[in-house]
Amino acid sequence: QKDIISISEFSKDHIELILKTAFELKKNPRTDLLKDKLIGVTFFEGSTRTRLSFETAIQRLGGRVIGFPDAANTSLGKKGETFMDSMRIITSYTDALVIRHNKEGAARLAADISPVPVINAGDGSNQHPSQTMLDLFTIKETQGRLEEISIAFVGDLKYGRTVHSLAEALSLYNARIYLVSPESLAMPQYILDDLTKRGITFSVHTSLEEVMPKIDILYMTRVQKERFDETEYQHLKSKYILTPETLADAKENMKILHPLPRIDEIVSSVDDTPYAYYFKQAANGVYAREAILSLVLNKEI
Ligand code: CP
């Protein structure tokens, strides 16, 4: 069984195999790799990209899907069934389970009792490993390499699970990391400790302009509204707003990534600049998730 729960469990070889498979599937689409497979896709927290790109990946590869986009109308939501009992039932019907939950550690709990592989599609502010695979795919696609990339993470580094997972993955590739956030949304200490242990050079900033000329990738994030009360959210949102003017000193091939959804942190006129790559990044989610699903179900190509 091959669960995909946290980037900390990945070696560089694992990541390289997933990326190689994803590039191959983008170049030469397949329709048969999940034939006869039934995948559970269960979302206990809202999603557009992750759920729909997993479902697209499954259907394009010839598999079938059961599940729910919102647990409100399940027996867990309506009748008080426990999370663990719900997971036992769904994993007894399916060949693999994709799960998103607002609680950190939920995917791990599901994996502990599941007889089939479990893929974490985001657990609270903890991890989002399939997003990391599409982010790495996109960095390699745009920069031609993953080694020694200079990257700025901007915005909500405290609660942004995509940032937590990607920083950890890039530490395997000797990245130079710039952390740009208000002090109250700083990267958690346990991640900084991990980067230090791995010998990664990082620095902490409040100004985006001062790091702009140095970076290959600008990774914007939204303030995670769902993890704050309204007053605190109103105070913290809109701290970093990217405009074409902010990009004046960017390197020629610098690319802007964002896990999306964006709220107001990238103005729409940036979409027309050669730096914007976030919509292509989201489209790459299908190939990364096709690769993950194929490999966890033992379909190497
Ligand atoms: N990037 C991402 O996780 O988007 P969704 O919340 O729409 O799935």
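The values are calculated or read from the model by the stated rules, or taken from the named source; none is laboratory data. All figures in this text were calculated on a predicted structure; none of them were measured in a lab. Backbone-built Cβ (ideal geometry, glycine too); neighbour counts: all protein chains shown. We work out accessible area using only protein heavy atoms, side chains counted, and drop any ligands, DNA or RNA first. Shrake-Rupley method; radii C 1.70, N 1.55, O 1.52, S 1.80 Å.
Yes/no per residue for (1) closer than 22 Å to Thr243 by Cα; (2) of a type in the set (A, V, I, L, M):
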{"position": "Ala175", "(1), (2)": "no, yes"}
{"position": "Ser184", "(1), (2)": "no, no"}
{"position": "Gln189", "(1), (2)": "no, no"}
{"position": "Phe202", "(1), (2)": "no, no"}
{"position": "His205", "(1), (2)": "yes, no"}
{"position": "Val223", "(1), (2)": "yes, yes"}
{"position": "Glu226", "(1), (2)": "no, no"}
{"position": "Glu230", "(1), (2)": "no, no"}
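Taking the range 157-173, which residues are within 19 Å of Leu236 (Cβ to Cβ) and open to solvent by 10 Å² or more (accessible area, probe 1.4 Å)?
The initial filter retains those residues of the range 157-173 that are within 19 Å of Leu236 (Cβ to Cβ), namely 157-164.
Once the filter is applied, which keeps residues that are within 19 Å of Leu236 (Cβ to Cβ) and open to solvent by 10 Å² or more (accessible area, probe 1.4 Å), the range 157-173 yields Lys158, Tyr159, Arg161, Thr162.
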**Request:** Quickly run through the range 257-299 and pick out the residues that are more than 14 Å from Thr246 (Cα to Cα), small (Gly, Ala, Ser) and surrounded by fewer than 19 Cβ atoms within 10 Å (Cβ to Cβ).
**Result:** Ala283
**Prompt:** Do you know which residues across the range 95-109 are part of a strand (DSSP E or B) and within 16 Å of the ligand (Cβ to nearest atom)?
**Reply:** Val98, Ile99, Arg100, His101
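I'm checking my understanding of the structure. Among residues of the range 254-269 that are assigned to a loop (DSSP other than H, G, I, E, B) and free of Cβ contacts under 8 Å to residues at least 60 places away in the same chain, which one is farthest from Gln234 (Cα to Cα)?
Result: Met254.
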**Prompt:** Take the residues of the range 15-71 that are among the aliphatic types (A, V, I, L, M) and outside any helix (DSSP H, G or I): which is most open to solvent (accessible area, probe 1.4 Å)?
**Reply:** Ile66
**Request:** Could you grab me the full set of residues in the range 78-91 that are surrounded by 15 or more Cβ atoms within 10 Å (Cβ to Cβ) and acidic (Asp, Glu)?
**Result:** none
**Asked** Considering only residues of the range 110-156 that are under 19 Å from Gly67 (Cβ atoms) and assigned to a loop (DSSP other than H, G, I, E, B), which is farthest from the chain's Cα centre (by Cα)?
**Response** Pro115
**Request:** Output the residues belonging to the range 213-253 that are touching a residue at least 40 places away in the same chain (Cβ under 8 Å), more than 30 Å from Asn102 (Cβ to Cβ) and open to solvent by less than 60 Å² (accessible area, probe 1.4 Å).
**Result:** Ile215, Asp216
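Among the residues of the range 191-201, are any open to solvent by less than 20 Å² (accessible area, probe 1.4 Å), within 26 Å of Ser53 (Cβ to Cβ), part of a loop (DSSP other than H, G, I, E, B) and not basic (Lys, Arg)?
Let us first name the residues in the range 191-201 that are open to solvent by less than 20 Å² (accessible area, probe 1.4 Å), namely 191, 195, 200.
Going one step further and asking which of them are within 26 Å of Ser53 (Cβ to Cβ), we end up with 191.
Now drop any that are not part of a loop (DSSP other than H, G, I, E, B), which leaves none.
Within the range 191-201, not a single residue is open to solvent by less than 20 Å² (accessible area, probe 1.4 Å), within 26 Å of Ser53 (Cβ to Cβ), part of a loop (DSSP other than H, G, I, E, B) and not basic (Lys, Arg).
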**Asked** Could you list, in sequence order, the residues of the range 92-103 that are within 19 Å of Ala72 (Cα to Cα) and either open to solvent by less than 10 Å² (accessible area, probe 1.4 Å) or not polar (S, T, N, Q) (or both)?
**Response** Leu97, Val98, Ile99, Arg100, His101, Lys103
**Prompt:** Can you tell me which residues in the range 50-62 are farther than 9 Å from Thr31 by Cα and more than 11 Å from the ligand (Cβ to nearest atom)?
**Reply:** Glu55, Thr56, Ala57, Ile58
**Item:** Scope the range 109-156; condition surrounded by fewer than 21 Cβ atoms within 10 Å (Cβ to Cβ) and among the acidic types (Asp, Glu); matching residues
**Value:** Asp112, Glu141, Glu147, Glu148
